[in-house]
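Accompanying notes for the structure given below.
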Amino acid sequence: MKSLIDNLNEADRILHSLAQFLALIGTNLLPAHSDDSQANLVWNAESQQMEGRPFNYNGQQIRLVVNLPEGSLYFLTADNQLLATFIIGGKTPAETLSWWQDVLHGWGLSTDKPLSYQLDQAPIDSQTSYRWPADLVPWIEWRTLANETLQTLNEKTSQFSEVRIWPHHFDTGVYYSFPDDAGKEQAAIWAGYAIADALSPEPYFYLAGYDTRKSIDFDTATKLSVGNWLVTPDWKGAFLSVTEAANLERINHFFEESHGWLLMKIKG
């Protein structure tokens with residue numbers, strides 16, 4: 001029997017792969033933004049769908065979504081009218097791309113623009129069939145928790161950032177910018193929920209930041225009561241693994257403590 005972490009990691013690989021098709025919609029059909037946010041996604045916990053940003057076609061706002069309960073890709077109108085569907089299980093990423101292109105070409109839309117980033121390695125090889133997970137409940141629960149805790153962080157900090165999934169690293173995150181009097185960013189704090197990577201073999205919550213005016217010494221950070229500070233050659237910030245996270249209250253406490261210390265360093 002697979003462990004919770006194995007199930008989460010397997011689901012992340014499949015959904016990370018599928019997220020690229022949603023990101024390509026924003027890249028090809030929406031105006032470009034400096035932060036590439038036209039390509040990011042949202043986890044809709046109510047409908048249990050991963051959704052790309054809507055684009056306009058024939059006077060309608062249309063979005064491409066991954067529906068988790070049904071294991072399908074849908075093109076939907078704003079009132080959820082189904083325009084095209086694709087069953088994911090048993091199909092390869094190459095076959096999925098072909099369907100995606102056929103639908104958009106049938107509507108007379110361009111699909112030629114590549115993503116602004118390159119993945120170090122494809123989550124699922126282009127010729128490997130998707131094996132739809134039998135149990136997506138843990139993935140749904142953790143991504144929903146990520147949405148809720150990051151919305152709470154918005155409220156507690158009186159700052160606002162869209163809670164979005166970024167298709168490159170496939171993390172759910174927020175970003176708080178601190179501009180100078182001229183409007184140029186001089187510091188920032190970012191926080192979120194990340195998939196397993198070089199930093200951790202399991203998904204984790206994180207918070208980090210920078211300041212152009214001074215170096216932030218994370219080695220002197222106040223000890224966290226939930227999670228811990230990590231300082232590595234490649235990454236510096238607060239870290240809380242899924243195994244340690246346990247519940248909503250602990251995650252909220254982790255973000256509140258780590259954000260408070262980092263904000264004090266930036267504001268001080």
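The values are calculated or read from the model by the stated rules, or taken from the named source; none is laboratory data. No experiment lies behind these values; they were computed from the predicted model shown. Positions of Cβ are backbone-derived with ideal geometry, glycine not excepted, and every protein chain shown enters the neighbour counts. Just so you know, the surface numbers come from the protein's heavy atoms only, side chains and all, with ligands and any DNA or RNA stripped out. Shrake-Rupley method; radii C 1.70, N 1.55, O 1.52, S 1.80 Å.
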Of all residues in region 254-268, which are part of a helix (DSSP H, G or I), surrounded by fewer than 17 Cβ atoms within 10 Å (Cβ to Cβ) and not charged (D, E, K, R)? GLY260, MET264
Near pairs, Cβ below 6 angstrom, 6+ apart or cross-chain, from region 249-266 (within 16 Å of ASP217 (Cα to Cα)) to any residue that is open to solvent by 40 Å² or more (accessible area, probe 1.4 Å): TRP261/THR222
Here's a check for you: in region 97-145, which residue that is among the acidic types (Asp, Glu) and closer than 19 Å to ASN67 by Cβ is nearest to the chain's Cα centre (by Cα)? GLU141
Within region 37-69, residues part of a loop (DSSP other than H, G, I, E, B), touching a strand residue (DSSP E or B) at 6+ places or on another chain (Cβ under 8 Å) and either at positive phi or open to solvent by 10 Å² or more (accessible area, probe 1.4 Å) (or both) come out as SER47, GLN48, ARG53, PRO54
Of everything in region 169-191, what is over 8 Å from the mean Cα position of the chain (by Cα) and of a type outside the set (A, V, I, L, M, F, W, C)? Give them in sequence order. TYR175, TYR176, SER177, PRO179, ASP180, ASP181, GLY183, LYS184, GLU185, GLN186
Flagged in region 156-174 as assigned to a loop (DSSP other than H, G, I, E, B) and either within 17 Å of ILE14 (Cβ to Cβ) or open to solvent by less than 60 Å² (accessible area, probe 1.4 Å) (or both), in numbering order, are GLN159, SER161, VAL163, PRO167, HIS168, HIS169, PHE170
Of residues in region 6-25 being open to solvent by 10 Å² or more (accessible area, probe 1.4 Å) and of a type in the set (Asp, Glu), the one farthest from THR111 (Cα to Cα): ASP6
Say whether the condition of being within 24 Å of PRO203 (Cβ to Cβ), open to solvent by 70 Å² or more (accessible area, probe 1.4 Å) and either modelled with pLDDT of 95 or more or outside any helix (DSSP H, G or I) (or both) is met by at least one residue in region 26-35. yes
With the structure loaded, tell me whether TYR204 is farther than 29 Å from GLU10 by Cα and among the aromatic types (Phe, Trp, Tyr) or whether it fails that test. no
Could you identify the single residue in THR111, THR96 that is outside any helix (DSSP H, G or I) and surrounded by 12 or more Cβ atoms within 10 Å (Cβ to Cβ)? THR111
When you go through SER116, SER129, SER177 one by one, which is the residue that is without any contact (Cβ under 8 Å) to a residue 60 or more places away in the chain and in a loop (DSSP other than H, G, I, E, B)? SER129
Report, ordered by the first and then the second residue, all pairs with beta carbons closer than 8 Å, sequence separation of six or more or different chains, a first member in region 215-236 that is open to solvent by 60 Å² or more (accessible area, probe 1.4 Å) and modelled with pLDDT of 95 or more, and a second member that is assigned to a loop (DSSP other than H, G, I, E, B) and aliphatic (A, V, I, L, M). LYS236/ILE216
